[in-house]
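Novice: Sharing a structure here in structure tokens format.
The values are calculated or read from the model by the stated rules, or taken from the named source; none is laboratory data. Fair warning: this is a prediction, and the values are worked out from it, not measured in the lab. Positions of Cβ are generated from backbone atoms using ideal geometry, with glycine treated the same way; all protein chains shown enter the neighbour counts.
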Amino acid sequence: MNLWELPFFVSPLDQQALQYKGSSSASGDIQQGVLNAGQAEFPVIDGFPNFVPTHNLSDKTKSVVAFYDDRSETYDQYLHLTFHTHGEDENKVRNGLIDLLELNPDSTVLEVAAGSGRDSEIIAGRLGAKGKLFLQDISSGMLNKARERLQGCTIPVSYALADACALPYADNSVDCVYSFGGLGEFPDIRSALAEMVRVCKPGGKIVVGDESIPVWLRNTEFAKILSTTNPQFMAPLPLEQMPVEARQVCVRWIIGGVFYLIDFRVGNGAPEGNFDYPIPGPRGGTLRSRYLGQLEGVTPEAKELAHKARGKRGMSMHAWLEEAVRKAAADDLK
């Protein structure tokens, strides 16, 4: 860790700014120390700030950490087989994923579940001296491999051990977020995506993906062969977990058509529309009044009379009802 990273980090518990207790080198490097926000403390060990809530991890998360820590030394030896199975060029595929981030040389990028840094290396190569790359993972073994891979990188790179569902980064602190191959391991995909939106600036790109065979292929022998070795291929597409801030959403399947890829731009809150213009025609009203102004209904005979009356007066049903209800209510309230 380096002192330049401190303004970007916050407590994952409540997003409070962090203070640093300890010493640093002349260049600002920190190998050991403590970050704190109020009563909460987070250690820096071997240069990694550790935000993982070890006392509160689910059994699934514990098993994920153990799996990747145990395999961190051999992970890269076998990963190429995924691309080999489907006749894909790994370098070409990964560069295509990074293209979707629409990076500039001075972009600030967060990679969630960075793993051994295969994509991180490509992202770093797209950034200039003013760019910044933040790498998060919950496995210290994998994050160590990423740091080894990026050793000698000329751009600022930050590493943090953290839960993807509680990111230790400030609101609106990065230009884009990337995460490929980890979502299926997160205990709460909805929370993880919400966290990615929280830390990304409005208008920024988020690109995520993982295994998921499309529903129209799930009964094929092709799908059964793949899912026998890796049941994660039968995971559902996480569309119901998508945040309301997602705009210009694009979903596609890549790497043999069995990995989904979702990219979207971050908006401000839920979408808004022009719901208040008068709608022409016999019904009249606005989109908003039709939604908010529904009453309890009337008998068919009363409805027929209302239509005759509004037609005789050349009014829309909305205008006639608005006038009639207001008049009747005013008379009764006297």
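Novice: So if I check each of VAL44, VAL34, VAL52, which one is within 22 Å of the chain's Cα centre (by Cα) and either part of a helix (DSSP H, G or I) or β-branched (Val, Ile, Thr) (or both)? I'd like the intermediate steps shown before the answer.
Specialist: Working: VAL44 fails: within 22 Å of the chain's Cα centre (by Cα); VAL34 fails: within 22 Å of the chain's Cα centre (by Cα).
Exactly one residue qualifies, and that residue is VAL52.
Novice: Just to be sure before I move on: is SER227 surrounded by fewer than 18 Cβ atoms within 10 Å (Cβ to Cβ), over 23 Å from ASP163 (Cα atoms) and not acidic (Asp, Glu) in the structure I sent? Before you say what the answer is, go through the steps one by one.
Specialist: Numbers: surrounded by fewer than 18 Cβ atoms within 10 Å (Cβ to Cβ): yes; over 23 Å from ASP163 (Cα atoms): yes; not acidic (Asp, Glu): yes.
Criteria met by SER227.
Novice: Within the bounds of segment 81-99, is there any residue that is free of Cβ contacts under 8 Å to residues at least 60 places away in the same chain, aliphatic (A, V, I, L, M) and not assigned by TED's automatic domain parsing to the domain that holds GLN31?
Specialist: yes
Novice: Now for a different question. Restricting to segment 298-328, name every residue that is over 50 Å from the mean Cα position of the chain (by Cα), surrounded by fewer than 12 Cβ atoms within 10 Å (Cβ to Cβ) and either part of a helix (DSSP H, G or I) or aromatic (Phe, Trp, Tyr) (or both).
Specialist: Across segment 298-328, the qualifying residues are GLU301, ALA302, GLU304, LYS308, LYS312, LYS327, ALA328.
Novice: Can you tell me which residues in segment 269-291 are in contact with an Asp or Glu (Cβ under 7 Å, 6 or more places away or on another chain) and assigned to a loop (DSSP other than H, G, I, E, B)? Give the steps one after another, and end with the answer.
Specialist: Of the residues in segment 269-291, the ones in contact with an Asp or Glu (Cβ under 7 Å, 6 or more places away or on another chain) are 269, 286, 288.
Listed by number, the residues that qualify are GLY269, THR286.
Novice: Take segment 111-128 and flag every residue that is in a helix (DSSP H, G or I), in contact with a strand residue (DSSP E or B) (Cβ under 8 Å, 6 or more places away or on another chain) and not β-branched (Val, Ile, Thr).
Specialist: Looking only at segment 111-128, we keep the residues that are in a helix (DSSP H, G or I), and these are 118-126.
Still in the running and in contact with a strand residue (DSSP E or B) (Cβ under 8 Å, 6 or more places away or on another chain): 119-120, 123-124.
Matches in segment 111-128: ASP119, SER120, ALA124.
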